[in-house]
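Since the structure comes first, as structure tokens, the remarks are kept for the end.
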Amino acid sequence: MPKLVKFSRLLSVLPLLFLAGCNMVVMAPSGDIAMQQRDLIVISTVLMLLIIVPVIFLTLFFAWRYRRSNTAATYDPEWHHSTRLEIVIWAAPLAIIIALGAVTWISTHKLDPYRPLDRLDAQRTIPADTKPLTVEVVALDWKWLFFYPELGIATVNELAAPVDMPINFKITSSSVMNSFYIPALAGQIYAMPGMETKLHAVINREGEYEGFSANYSGAGFSHMRFKFHGLNREGFDAWVAQVKQQGTALNRDAYLKLEKPSEKEPVRYYASADADLYNAILNMCATPGKMCMNEMMHIDMTGGGGKESAENREKLQYDHRHADEGTVMPAATDAPAQTEPPKSTDNVSMQHDMPGMQGMPGMDMQHQGHSMPGMSNGADPAPAQLNNNN
């Protein structure tokens, strides 16, 4: 018997040994939003365990109680129904599902990342004269760019905010989808090109916290990390002064160089940043010659550009910005000499779609003598707007 007690104590300690090397920041966060999310996890887990634990216990108990060697157990092969047992079996899970549904419904609306904060923590509301800190976040390959539009500065792979000050994050991406995540602050929010997502959060304790991308985005994904500093007001002002003192200027040219894929990018400071740069990134027109998405949507809203919009095709090609990098074309001597042009069959023009060729004039896609409207400068333009008044 003493050996059995000793063994049971050892089993109870084993989970703690496995958890000793784990980072429990999700269960011990420093921001109010993350704390509420932590509470939701705990409440949901406890409610589910109210069913799981008794079921596991009763499964083991019945296997032991009604084992073949236990002749003292009641044997009733004709038993088939118990109203009392049916009530317990169905009422308990139903009550837990109702409780889970209520908690989830309330938390889903209360923790909506687009919803502005209404408190600093469980004991304090936000003072009426408090002005939130706005931070514009851009996920690059493979680093993070942060704009502070009200302060006129920007940083790479380093973020800071005052303690107990609401933070309004505006989040986008320059190329592929990523996920902005600071476990100590709040849950993860996706960053997508051409779209803006939002997050409202607050940090309640000073410290240095980890931030990273929680969505795989290519070769440098594992190093796409940054530091988030929760500072007091004086510390934050000193950090801003440091950025302005040590930083350089972030204009369009500097951004286009920064945008190129790179791994393990060091922290960078920008003492000044182009005021329109974030909006240009968001609308996918930071590269010269590209049409902004908001301009395109305005044209669509007004019924289309008609015949004059054929030249906009090249300006709207965003997916081939780096297609020509690393492309190896076959040598001219590898191809056999061709003395005459290939003959077409059944009046079909076969054209292969090569990277970067979609926007070239004259690349008309034809099939059986019919062309797709608006696909080239020489083709018939798409109608500006259908008249449905008739």
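The values are calculated or read from the model by the stated rules, or taken from the named source; none is laboratory data. The model shown is predicted, which means the values in this text are computed figures rather than measured ones. Heads up, the Cβs are rebuilt from the backbone with ideal geometry, glycines too, and the neighbour counts pull from every protein chain shown. Accessible surface is based on the protein model in full, side chains and every heavy atom, while ligands, DNA and RNA are left aside. Shrake-Rupley method; radii C 1.70, N 1.55, O 1.52, S 1.80 Å.
Counting only protein chains, not ligands or nucleic acids, how are Trp64, Trp239, Trp105 ordered by accessible area (probe 1.4 Å), most first? Write down the numbers at each step before the final one.
On the way: Trp64 150, Trp239 15, Trp105 175 Å².
Greatest to least solvent exposure: Trp105, Trp64, Trp239.
Heads up, I need the accessible area for Leu231: 1.4 angstrom probe, whole protein in place, Å², nearest 10.
Per-residue accessible area (Leu231): approximately 40 Å².
Would you tell me the accessible area of Ser30, worked out with a 1.4 angstrom probe on the heavy atoms of the protein chains, in Å² to the nearest 10?
Around 10 Å² of this residue is reachable by solvent.
Counting other Cβ atoms within 10 Å of each Cβ, which trypsin sites (Lys or Arg not before Pro) in segment 205-235 have at most 13 and sit in a DSSP loop?
Working: sites: Arg205, Arg225, Lys227, Arg233; in loops: Arg205.
Answer in residue order: Arg205.
Using a 1.4 Å probe on the protein chains only, how many percent of the accessible area of segment 161-296 belongs to carbon and sulfur?
Values: 3120 of 6100 Å².
The nonpolar share, carbon plus sulfur, comes to 51 percent.
If one computes the Cα centroid of segment 131-162 and of segment 225-272, what distance in Å separates the two points?
So the separation of the two Cα centres works out to 8 Å.
By accessible area of protein heavy atoms, probe 1.4 Å, what ranking do Val243, Val53 get, highest first?
Values: Val243 0, Val53 80 Å².
Most to least solvent-accessible, the answer reads Val53, Val243.
With a 1.4 Å probe and all protein chains left in place, how much accessible area per residue does segment 57-211 have, in Å²?
Values: 8740 Å² over 155 residues.
So segment 57-211 comes to 56 Å² accessible per residue, rounded to a whole number.
DSSP loop trypsin sites (Lys or Arg not before Pro) in segment 65-109 with at most 16 other Cβ atoms within 10 Å of their Cβ, which ones?
On the way: sites: Arg65, Arg67, Arg68, Arg84; in loops: Arg67, Arg68.
Qualifying residues, ordered by number: Arg67, Arg68.
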